[in-house]
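Visitor: Can you keep this structure in mind? I'll have questions shortly.
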Amino acid sequence: MQNSSPEYMALRVDVNGKGTYDSHQLKDPPSPRPLQLSAGTTERIFSLAQDLDNFHSLNLESRHQVANMGLKTLTYEAGNVTNRVQYNYTENRAGQQLTEIFEKIGNVEERISQLEYDMKYDHLSLPQTLSEIQEGLQDHSYMEATLMIPTLEKITSNSHFMHLAQSRAQDIMRCIQRNK
């Protein structure tokens with residue numbers, strides 16, 4: 001959605017959990033990053049898609065007027081079959097659950113991007129970003145938080161980062177591993 005951050009977000013995943021995540025401002029070019037989702041999350045995504053008839057001839061848009069939440073597009077591709085549904089907001093429970101999964105995975109990917117930026121350009125912001133991640137874990141704002149572990153490991157093993165950042169990164173990894 002224009003004037004939001006990011007304005008564009010896309011998550012693609014196949015039945016094996018292999019996929020890409022891309023987010024950027026509309027004026028910027030795409031830059032998808034690879035990701036690998038767990039078997040459980042992948043199974044849940046495709047189960048919900050199946051509950052929604054793989055988006056075949058489906059209308060998910062709410063009949064009620066709601067604020068502009070950003071246009072969402074769900075696409076299912078299998079062989080020569082491509083089904084697509086677009087909506088701003090849905091009251092369909094399976095649609096809500098699928099949207100929530102994608103948003104929570106997107107939250108993780110956005111945090112990874114922020115950590116990578118802070119590691120490269122703004123070391124002093126790392127403790128604050130890590131504190132926000134800790135809050136997000138407590139609020140259950142993330143799905144597939146294990147995707148953050150490689151980045152967190154870089155923080156814990158780099159002596160150029162403040163001890164506070166290293167300590168928080170270590171605490172976050174322990175929390176993620178406990179909650180697997």
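Visitor: About the Cα centre of the chain, what is the dipole size in debye to 20, counting +1 per Lys and Arg Cβ and -1 per Asp and Glu Cβ, all else neutral?
Guide: 240 debye
Visitor: Return the lysines within reach of Lys27: Cα separation strictly under 21 angstrom, same-chain partners fewer than 8 residues apart disregarded; answer none if there are no such residues.
Guide: List returned: Lys72.
Visitor: Over the chain, what relative contact order in percent results from Cα pairs under 8 Å that are six or more residues apart?
Guide: Here the relative contact order equals 14 percent.
Visitor: Here's another thing I want to ask about it. Please name whichever of Met143, Asn16, Val66 sits farthest to the positive end of the charge dipole of the range 8-178, dipole taken about the Cα centre and charges placed at Cβ: Lys and Arg +1, Asp and Glu -1.
Guide: Asn16
Visitor: Can you quote the Å³ per residue value for the convex hull of the Cα atoms in the range 8-178, rounded to an integer?
Guide: Each residue corresponds to 139 Å³ of Cα convex hull volume.
Visitor: Using alpha-carbon positions, what is the distance between the centroids of the range 122-180 and the range 19-93, in Å?
Guide: So the separation of the two Cα centres works out to 28 Å.
Visitor: Placing +1 on the Cβ of each Lys and Arg and -1 on the Cβ of each Asp and Glu in the range 8-178, which of Gln166, Pro127, Ile101 has its Cα farthest towards the positive end of the resulting dipole?
Guide: The one lying farthest along the dipole's positive direction is Gln166.
No value in this document is a laboratory result; all are computed from the given coordinates. Values in this document were obtained by computation on a predicted structure and should not be read as measured data. Glycine also receives a Cβ, built like all others from the backbone with ideal geometry; neighbour counts cover every protein chain displayed.
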